[in-house]
Amino acid sequence: IARVFRDSTSRDHVEHHLVASARQDFLGRGLVQLDLSADRRTTLRSAPTSRDRFAEVRAHGEGEVGFGGGWALRPSAGFELTRYDEPDSLLDFDYRIVSTSLELRRELGLAWRLSTGPKAEWLAAPWNPDEEYREYAWFLEAERLTGAGWLSLAPELGHRAYTGPEAGSTSALDVAAVHSDFDFLEL
């Protein structure tokens, strides 16, 4: 992929993208799937920032174990790594994200599917520790798939806790704290 910017030749870049997937289905008793991707972007000319000079690697794996009667357990895990050629501590900083979930799924007939389970995500950023967090959530999902359409409702309730040096500070004079912990309901 090549991209040219009309207003800034320093952002002109070339990007290489690699994708690999593998899936094994065990005849309705379960499955294992692994998806990998990698991107490398470099500028065509010397650039003042590292914004368009980075590498990303992503991996996601999931499995399914069927228990009969439409029940299945689906564990999954993911990993994302971003590395800038010249990282800084404000905008273009290196980071990694690890995520996992465990889904209990029930299929009701051919059209309905219900799911629930826990999810977790961790972000680590050595160049910018204020961005580091741990997130835990519980999700519910109801899906209906027919020849006429697809309906999906997936609320999620969770908590994100920032773990950087200023996390949890209670000082009224502490203006350096970037984020505060929060609870969320996502619909």
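The values are calculated or read from the model by the stated rules, or taken from the named source; none is laboratory data. Since the model is a prediction, treat every value here as computed from it, not as a measurement. Ideal geometry is used to build each Cβ from the backbone, glycine not excepted, and the neighbour counts take in all protein chains shown. These accessible areas exclude ligands, DNA and RNA; they are computed on the full protein's heavy atoms, side chains included. Shrake-Rupley method; radii C 1.70, N 1.55, O 1.52, S 1.80 Å.
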Seminar exercise, completed: Flagged in segment 23-56 as part of a strand (DSSP E or B), closer than 23 Å to THR82 by Cα and more than 19 Å from the chain's Cα centre (by Cα), in numbering order, are ARG41, THR42, THR43
Exercise. Are any residues in segment 107-148 at pLDDT 90 or above, over 19 Å from ARG74 (Cβ atoms) and assigned to a strand (DSSP E or B), and if so, which ones?
Worked result: TRP122, LEU123, ALA124, TYR133, ARG134, GLU135
Seminar exercise, completed: Restricted to segment 76-96 and to residues being open to solvent by less than 60 Å² (accessible area, probe 1.4 Å) and assigned to a strand (DSSP E or B), the residue nearest to LEU110 (Cα to Cα) is SER76
Exercise. Any chance segment 157-167 includes a residue that's open to solvent by less than 90 Å² (accessible area, probe 1.4 Å), touching a Lys or Arg at 6+ places or on another chain (Cβ under 7 Å), part of a strand (DSSP E or B) and modelled with pLDDT of 95 or more?
Worked result: yes
Seminar exercise, completed: Given (1) under 26 Å from ARG3 (Cα atoms); (2) out of contact with any Phe, Trp or Tyr (no Cβ under 6 Å at 6 or more places or on another chain), PRO126 misses just (1)
For this session: Kindly indicate which of GLY28, GLY63, GLY68 is more than 30 Å from LEU90 (Cα to Cα), surrounded by 15 or more Cβ atoms within 10 Å (Cβ to Cβ) and small (Gly, Ala, Ser).
Result: GLY63
Exercise. Does ARG23 satisfy the criteria of being open to solvent by 80 Å² or more (accessible area, probe 1.4 Å), among the basic types (Lys, Arg) and under 24 Å from GLU107 (Cβ atoms)?
Worked result: yes
Problem set entry | Extreme residue, farthest from VAL178 (Cα to Cα), among residues of segment 87-138 that are acidic (Asp, Glu) and touching an Asp or Glu at 6+ places or on another chain (Cβ under 9 Å) | GLU103
Problem set entry | Selection count where residues are in contact with a Ser or Thr (Cβ under 7 Å, 6 or more places away or on another chain) and more than 30 Å from ARG105 (Cα to Cα), scope segment 26-45 | 2
Exercise. Is there any pair linking a residue in segment 1-30 that is modelled with pLDDT under 80 and among the hydroxyl-bearing types (Ser, Thr, Tyr) to one that is surrounded by 11 or more Cβ atoms within 10 Å (Cβ to Cβ) and not in a strand (DSSP E or B), with Cβ under 7 Å and at least six apart or on different chains, and which?
Worked result: SER10/ALA47
Exercise. Regarding ALA77, is this residue out of contact with any Lys or Arg (no Cβ under 9 Å at 6 or more places or on another chain) and over 30 Å from VAL14 (Cβ atoms)?
Worked result: yes
